[in-house]
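Please read the structure below before turning to the comments.
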């Protein structure tokens with residue numbers, strides 16, 4: 001039998017052979033491919049090292065158009081600019097790309113920056129650009145949905161002319177679109193992704209709110225911009241689903257001294273327990289301004305008087321996407337799968353709830369494991385093969401209960417709700433249900449229809465769904481007696497169809513499995529659509545995906561999370577690691593003997609396989 005070390009060595013050779021820039025292979029752990037995450041960890045840029053594109057040096061029509069479609073970045077390039085000047089100054093920056101006859105007359109029809117996905121196809125003197133609107137970059141660094149009244153052409157043909165006089169600007173545009181635009185290419189090249197954090201309802205966990213900060217500013221200006229975005233309040237996506245901030249105005253600019261930020265507010269944090277409010281505020285700020293290279297401490301001042309210095313590692317616990325012990329990890333200890341109808345950890349050194357030793361752990365089709373609460377949720381094959389949900393808790397009396405759900409022909413994999421003592425969400429015949437540990441269940445309010453997959457974010461305030469064949473994210477209020485979703489946002493997946501699974505790859509990005517047109521794919525997409533990239537393994541087209549599970553990467557270190565998938569290859573369901581090459585998860589050394597299931601490789605010995613793999617939910 002192939003050993004785990006042999007499989008890992010093969011995968012490591014694959015990673016080295018293609019020159020991946022971010023693949024670490026610790027001893028006895030499988031490789032983790034790190035994608036091009038756009039500044040999650042707060043990469044520090046020297047002022048002037050990243051600059052706004054201009055028409056200078058653009059000696060081909062395609063380069064000129066590409067630079068023009070990044071001109072909208074000028075609106076938010078300098079965070080010290082007066083808010084009322086941001087659009088006007090960006091329009092003036094864009095006008096330098098235009099030929100004199102239209103330079104001053106060109107005025108965008110809307111007072112905002114429209115972020116677009118642009119496909120550029122160059123000709124000799126013209127450039128055809130196919131456009132898809134993505135969102136509006138607002139003054140607080142949030143990428144909001146496009147207003148309903150925006151009527152944008154799906155394609156624009158740019159015409160270029162030679163500049164009248166010899167200069168370093170050889171070409172100019174003789175026409176321009178109706179909107180001030182910023183391409184996704186420009187957004188990701190010119191801005192750092194910097195989530196600001198708000199407390200979930202009930203103050204249980206911090207929730208990331210994805211924002212963008214100019215890469216062309218000093219570290220001091222960057223921190224000031226982040227704090228201004230935090231003080232501006234939650235984005236429209238989260239504003240009704242997180243706690244409001246307890247302070248509202250800075251007294252002066254924050255001070256940066258090595259790894260300490262001193263923040264002076266005009267008035268103290270409001271609340272019944274001022275000391276607790278100050279500590280929570282400090283943790284919000286530390287998570288919002290952190291750097292990938294190290295921890296940042298925070299000193300809080302109110303009216304110039306020091307009130308609190310927070311400089312230990314306790315703040316890490318406030319973000320449940322952060323791995324235990326505050327470390328980057330490959331998450332092998334969280335990986336479970338089903339073998340012969342029983343849920344078991346893939347690797348023997350992983351901790352497991354003792355409830356898995358119960359006889360009810362049989363005939364399992366799908367499952368979830370909540371290790372901190374020592375709980376399991378098993379979708380089992382019941383009478384006539386119909387799926388049934390069974391909930392088990394170590395030390396529970398009785399140990400297992402059957403969920404009070406309607407008879408169904410299909411169920412999704414369950415997903416535990418953090419901070420609720422073991423509640424979970426599950427799709428039952430495409431209706432989303434909230435299920436309590438005692439088995440009582442009720443539909444989730446305001447859920448979209450036709451739900452086939454659900455994944456709850458580690459903070460418990462957001463969910464990712466496949467519903468009606470679309471990938472969606474939605475905020476969640478889990479504090480009342482009824483679980484309620486907010487308005488959902490559709491994720492754009494570059495035309496991918498027939499979606500089979502969804503999971504949280506980062507704390508503000510998800511991974512989606514597709515088996516339809518244009519091809520079988522794994523797609524990494526941001527919750528605000530500001531980033532989309534295929535992370536499809538080279539050989540995935542040989543297998544058809546049926547489901548996936550993911551665990552978010554370490555949010556403090558710019559590390560992508562892990563994904564595990566189930567796929568059907570030559571009629572055989574198997575569990576795989578999808579990194580550079582789709583690689584089968586090996587059975588334990590003392591695996592059961594041969595079975596009648598088909599072999600995963602031509603000429604191989606028939607053997608049993610792990611199926612329905614998933615990562616344990618390790619948040620209370």
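A compact table of results
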item	result
Test for residue 431: is it surrounded by fewer than 18 Cβ atoms within 10 Å (Cβ to Cβ) and either touching a helix residue (DSSP H, G or I) at 6+ places or on another chain (Cβ under 6 Å) or outside the structural domain of residue 502 (by TED's automatic domain parsing) (or both)	no
Residue in segment 531-544 that is within 21 Å of residue 456 (Cα to Cα), at pLDDT 95 or above and not in a strand (DSSP E or B) present	yes
Filtered residues of segment 99-139 (kept if more than 22 Å from residue 154 (Cβ to Cβ), touching a strand residue (DSSP E or B) at 6+ places or on another chain (Cβ under 9 Å) and surrounded by 15 or more Cβ atoms within 10 Å (Cβ to Cβ))	99, 103, 138
Of all residues in segment 364-395 being assigned to a loop (DSSP other than H, G, I, E, B) and without any contact (Cβ under 8 Å) to a residue 24 or more places away in the chain, the one that is nearest to residue 337 (Cα to Cα)	374
Some residue of segment 466-483 being touching a residue at least 12 places away in the same chain (Cβ under 8 Å), assigned to a strand (DSSP E or B) and within 19 Å of residue 566 (Cβ to Cβ)	yes
Scan of segment 125-140 for residues that are more than 27 Å from residue 193 (Cβ to Cβ) and free of Cβ contacts under 8 Å to residues at least 60 places away in the same chain, ordered by number	128
Filter pass, residue 143 being within 27 Å of the chain's Cα centre (by Cα), within 20 Å of residue 55 (Cβ to Cβ), touching a residue at least 40 places away in the same chain (Cβ under 8 Å) and surrounded by 21 or more Cβ atoms within 10 Å (Cβ to Cβ)	no
Boolean, residue 149 is part of a loop (DSSP other than H, G, I, E, B) and over 21 Å from residue 492 (Cβ atoms)	no
Residue within segment 307-330 that is within 18 Å of residue 422 (Cβ to Cβ), at pLDDT 95 or above and crowded, with 19+ Cβ neighbours inside 10 Å present	no
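The values are calculated or read from the model by the stated rules, or taken from the named source; none is laboratory data. What you see is a predicted model, and the numbers here were worked out from it, not measured in a lab. Using ideal geometry, Cβ is built from the backbone for each residue, glycine included, and neighbour counts are taken over all protein chains shown.
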